[in-house]
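The next block holds one structure in the form of structure tokens; read it before the comments.
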Amino acid sequence: MDNMKQLQDAIRREDWNGALEIMEKLEPEQRKCLEGFYVLGMLSLHCQQYEQAQGFFVSALEYKMDDPACLYQLGFTCFQLGQMEEAEEFVSHCEAAAGSGSIWSKASKELRKSIQASSHPRKVLMAAYYFPPLAGSGVYRSIKFAKYLPDYQWTPVVVSTDRPPKGWNFSDESMVGEIPEQVDVHRIPDPVNTIQGGVSFTLDYMQEVLDFLGFVLEDHPEGKRLYEKLLQSDQGRKAMLQFPCGALCWAYEASQFIERSVDFASMDVMYTTSGPSSAHLIGYYFKKKYGMPWVADFRDEWTNNPYANFDRKQPVHQLMYDLEKLILQHADCSLTISEVAVENYIRTFSIPKEKIISITNGYDEWDFRNIYFPKEKNAVFTITYSGLLYTQQRNMSPIFAAIQELIREGKIDQEKIKFRIMGSSEQDNLSLAKKYQLEDNLHLMGYSPHQKALQLCVDSDLLLLFIGDDVRFKGVYTGKVFEYLRCGRPILALGPKNGVVDHMLRETGHGKTMTSKETKEIKEFILRHYQEWESSRENVYQISDHIQKYERRYLTGILAQALAGAALGDPDWEADISKTIQEQKEAFVSKVEEFPSDVYDKAYRSGGAGGSYHKHYTQSFYYPSWLSIRPYLVLLDRDTAILDIGCGVGQFANFLFDQGFSNYRGLDFSGEAIRIAKESNPEHAQKFFQGDAFQSDFFAGQYDLVIMFEILEHINQDLELIELVRPGTKMIVSVPNFPDPYHVRYFQNIEEVSQRYGQVMNIFDTKTFALNAHNKLFYVIGEKK
């Protein structure tokens, strides 16, 4: 096979380094061809050198103007450079040249969506009754979605209510601060809550509300007949004014407000979330009347909810079943919080599997930014429960009974144990504690603001989670479990075996699930952790990838995709949604394989795109960013001892030498990189070393400053690497905001960088440097904790 055919074959395999080696065998004039410039363009793309890539692809098109691959890559390059009009143009040319059904046509279609999304941020109208300053598990889901949707080019407009419902006295003003500035919130009063001394409406108003409900139910023949039958009696009419829940009047008022005061025609999609169940009537109304795309977030199942007792022999319960089915059938996409609920809906209501997905609840890493993780032992063994205890399935009796027995057996000192309960009925818990002679050990905290509640959980030795023993609870996640996992403390869960929580705790190793009747197992679990506390053994669990998949920002990305699919009405998206979501989850949670040193050796040997690795540091892609941190270096003594971890070919070292620093040592695990570094800096060749930072004694000597530029994103154990640095040492690290085959992670903003590396560094300053229109480097300046 001649060199040109080998080159074409390497391109088909997308073996760009191999293609570059083949090109080196070609005569200079032979390299000036479609394939040659295409390879150089792809290598430039790989190194994020988009301006250079653009030039190569333009040159390639001079040899074949209608080459679909070049047209697509040129469109993608323009997109990366923020040249949206040019990107659209090349995408159109690619689609015309490729023909329908080809891989380039499909790729162009996806690229066009990204271009349009970036050019015109979309709007979503969110109907969420529970929204700050109201508090509760439903509030967290709504506020976190609203908070992070703008990161995915979605601007929410929220319709909520203005005060908690009667009997729900929880609010948290601190959460209002999480609402992004660009998010408009319209708080519509719930008439049931605003009327003093009992509910009293005019007959005309009640008829308007009933007509609103009837507008939805008329699409279900059996439901319509049942509804009309119920209206024939006073008792039935009264029941319908509270159907499907007490927030029916709010749903009617919210719909009227939207029609009257919101430019809903400018909205791309509507999102409704229950509870209350009536919120979905708003989505149904606008879907039916105006054809508005609609995503319905059920969170929990309705008629199959294990915490409720639905009997379809009762007319109102049957009507609830009919309404649930109507919503599932008419929404463009429905959401639940577990795969078990998804399967139940598909089986019970014959819902196409492509129209329903699960997005669990989760935790927000941002909420933990100011949480202190203590290393000191608590004065007493502290057991904490955060949340409501509002059913027979959720109460403290099994825990109190187990503790009482352990005290009587002399295995636990009653003076050395404390229970903290946040958010639940104080009187009920106090009465229960007295029954087990534990009232002096009980600390009732009442409702605590979210940040305080998290800190109290982190300060605990054991966290309690109540689900319920019944097998129907196998598919139930409590909203609290995700934050419990992030707190890193042991979790004792009372619930069914082989359920979603049981699986989660076994997968993460953060606790154990048992039923409330397994007193022996409960005692053993509590006693084990009590003894660990007593012996001062630290009991903090790592935050693994199995936990990070529940981070709110990531989960919002799945919602953004669902909203886009509903808004676009894209049949291809609907057909692949379940598969796509699963692939996203797997990609997010699986550890990306780190590349071995020989892969980097090959890249350094080739010189990189445009031979950048073999050039002077002033011609490096990163040189402008190094200049941006020069002010930090100027403040240092020139005899400062510097360690450069991941020094590469020594270009930054050369920069340092020219700044007057000579007390330097550089380490890289690529032998080829160290060879080039020595050749490029012959006077300092003895200062470059090949080796693995985890296995060498590089951190054993004297040093004042550690540099880690563009290395942390390449390794899974980035925090562990920083932990090798001597405490108090000055550090400058940098990481990118873009994905790459060589990267195991990347960051969307400097806040994410600070959250991650603030765990192991005291951060003094941060800096964001724009490499081009889309790609950035994030610098963190600080010292090792």
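The values are calculated or read from the model by the stated rules, or taken from the named source; none is laboratory data. Quick caveat, the model's predicted, so the values are computed rather than measured. A quick note on method: Cβ atoms are made from the backbone with ideal geometry, for glycine too, and the neighbour counts reach across all protein chains shown. Keep in mind that these areas ignore ligands, DNA and RNA; they rest on the heavy atoms of the full protein, side chains included. Shrake-Rupley method; radii C 1.70, N 1.55, O 1.52, S 1.80 Å.
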* Which number do you get for Rg(Cα) / (2.2 N^0.38 Å) in segment 126-270? -> 1.17
* Cα-only Debye scattering, segment 268-361: base-10 log of I(q)/I(0) at q = 0.17 Å⁻¹ -> -0.69
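Which percentage, to the nearest 5, of the DSSP beta bridges contained in the chain is antiparallel?
Antiparallel bridges: around 25 percent, rounded to the nearest 5.
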* How far is the Cα center of segment 72-97 from the Cα center of segment 675-735, in Å? -> 40
* Can you pull the Rg over Rh of segment 63-197, Cα-only, Kirkwood? -> 1.26
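With all protein chains present and a 1.4 Å probe, how do R225, R630 order by accessible area, largest first? If you can, show how the numbers build up before the last one.
Values: R225 145, R630 100 Å².
Largest accessible area first, the list is R225, R630.
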* What list of ³J(HN,Hα) values in whole Hz, one per residue of segment 515-522 in order, does the Karplus curve 6.51 cos²θ - 1.76 cosθ + 1.60 (θ = phi - 60°) give from phi, with Gly and Pro shown as x? -> 7, 5, 8, 8, 4, 4, 5, 4
* Which whole-number percentage describes the relative contact order of the chain, with Cα contacts under 8 Å and a sequence gap of 6 or more? -> 8
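When only Cα pairs under 8 Å and 6 or more residues apart are kept, what is the percent relative contact order across segment 68-189?
On the way: 165 pairs, mean separation 25.4, N = 122.
Across segment 68-189, relative contact order equals 21 percent.
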* Structure fact -> So, with points 7 Å from each Cα along the Cβ direction, the F694-S174 label distance in nm works out to 3.7
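How fast does segment 232-303 diffuse by Stokes-Einstein, in µm²/s, taking the Kirkwood radius from C-alpha pairs at 10 °C and 1.306 mPa s?
121
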* Return the long-range amide H neighbours of I356 (sequence gap of 5 or more, or a different chain), with a cut-off of under 5 Å between placed amide H atoms. => S334
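Quick check: convex hull over the Cα atoms of segment 333-397, volume per residue in Å³, rounded to an integer?
Spread over its residues, the Cα hull of segment 333-397 gives 172 Å³ apiece.
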* To do: Just need the relative contact order of segment 611-731 here, percent rounded to a whole number, with Cα pairs under 8 Å and 6+ apart.
  => 25
* Mind checking the alpha-carbon convex hull of segment 604-647 and giving the volume per residue in Å³? -> 97
* To do: Hey, for a label at H614 modelled as a point 7 Å past Cα toward Cβ, could you say which residues of segment 663-698 have their backbone N under 16 Å away?
  => 672-681
* Asked: Mind checking the log10 I(q)/I(0) for the chain at q = 0.05, 0.07, 0.10, 0.11 Å⁻¹? Debye, one equal scatterer per Cα, no solvent, two decimals.
  -> -0.34, -0.65, -1.17, -1.30
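In square angstrom, what is the accessible area per residue of the chain with a 1.4 angstrom probe? Show your work: numbers first, answer last.
On the way: 34150 Å² over 785 residues.
I get 44 Å² per residue for the chain.
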* Structure fact -> In order over segment 57-68: 3J(HN,Hα) from phi, Karplus 6.51/-1.76/1.60, θ = phi - 60°, whole Hz, x for each Gly or Pro, gives 5, 4, 5, 4, 5, 5, 8, 7, 5, 10, 6, x
* When only the heavy atoms of the protein chains count and the probe is 1.4 Å, how do H443, H529 rank by accessible area, highest first? -> H443, H529
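Multiply the residue gap between E62 and Y632 by 0.36 nm, knock off their C-alpha separation, and tell me the result in nm, one decimal place.
Details: separation 570, 0.36 × 570 = 205.20 nm, distance 4.64 nm.
My answer for the length gained is 200.6 nm.
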* **Tensor-based shape of segment 45-143 (alpha-carbon gyration tensor, a/c under 1.5 rounded, otherwise prolate or oblate)** => prolate
* Asked: What list of ³J(HN,Hα) values in whole Hz, one per residue of segment 296-301 in order, does the Karplus curve 6.51 cos²θ - 1.76 cosθ + 1.60 (θ = phi - 60°) give from phi, with Gly and Pro shown as x?
  -> 10, 9, 6, 6, 9, 5
* To do: Lys and Arg at +1, Asp and Glu at -1: add these up for the other residues within a Cβ distance under 13 Å of D470 and post the number.
  => +4
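Counting every Cα pair in segment 296-425, what percent are over 25 Å apart? All intermediate terms of the calculation are to be shown ahead of the outcome.
Numbers: 4486 of 8385 pairs.
Distances greater than 25 Å cover 54 percent of the Cα pairs.
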* Points 7 angstrom from Cα along the Cβ direction at K106 and D765: gap in nanometres? -> 5.0
* Asked: Expressed in nm to one decimal, what extension gain is obtained for the pair S536 and Y290 from 0.36 nm per residue of sequence separation less their Cα-Cα distance?
  -> 82.2 nm
* With the convex hull built on the Cα atoms of segment 628-711, state its orientation-averaged projected area in nm². => 5.3
* Per DSSP H run of n ≥ 4, the term is -39500 (n - 2.57); total these for the chain, divide by its residue number, and report the mean residue ellipticity at 222 nm rounded to 500 deg cm²/dmol. => -13500 deg cm²/dmol
* Note the direction-averaged projected area, equal to a quarter of the hull surface, for the Cα convex hull of segment 389-527, in nm². => 7.9
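Ranked highest first by the average count of other Cβ atoms within 10 Å around their residues, in what order do 724-731, 679-686 fall? Working shown, then result.
Values: 724-731: 16.4, 679-686: 13.8.
Ranking, from highest mean packing down: 724-731, 679-686.
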